[in-house]
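Comments concern the structure below.
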Amino acid sequence: QVRLVESGGGLVQAGGSLRLSCAASGSTFSTYAMGWFRQVQGKNREFLAAIHRNGASTFYADSVKGRFTISRDNAKNTMYLQMNSLKPEDTAIYYCAGDPTVGIRAGVTGYDYWGQGTQVTVSS
């Protein structure tokens, strides 16, 4: 069973950038399909991006395509989300999640392990 911890959130002005990290422990990180998600209070959790367990393929939601980049370093047991050209509507709690049963998984459902989240606030 993997434990996931997000970091890197904070307050940034519109147009700025942040890089989120998701550190994994307790299991073999390289066997997990990984994804990034976000949630605004009162709304459903939104899928943002997914990456194959070997890092060779990625998938993005239309809302972040071209602005966000997902990556992973299996040697460091860490996944990243580089967020550029941030907008106030990107304000949310950002979560990472893992699934050991598939190579890559797009969408919210099916992920077994979740982090606690990190707050991202984009000011206008």
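Average projection, convex hull of the Cα set of the chain: 6.7 square nanometres. Shown in residue order for the range 24-35 are the 3J(HN,Hα) couplings computed by the Karplus curve 6.51 cos²θ - 1.76 cosθ + 1.60 at θ = phi - 60°: 10, 8, x, 7, 7, 4, 5, 9, 9, 5, 10, x Hz (x for Gly and Pro). Given +1 at the Cβ of Lys and Arg, -1 at the Cβ of Asp and Glu and no other charges, the dipole of the chain around its Cα centre is 100 debye to the nearest 20.
The mean accessible area for residues of the chain, using a 1.4 Å probe and ignoring ligands and nucleic acids, is 49 Å² per residue.
The values are calculated or read from the model by the stated rules, or taken from the named source; none is laboratory data. Treat the numbers as computed from the prediction; the structure is a model and nothing was measured. Neighbour counts are summed over all protein chains in view; Cβ atoms, including those assigned to glycine, are modelled from backbone coordinates with ideal geometry. Side chains are part of the model used for accessible areas, which takes the heavy atoms of the whole protein and leaves out ligands, DNA and RNA. Shrake-Rupley method; radii C 1.70, N 1.55, O 1.52, S 1.80 Å.
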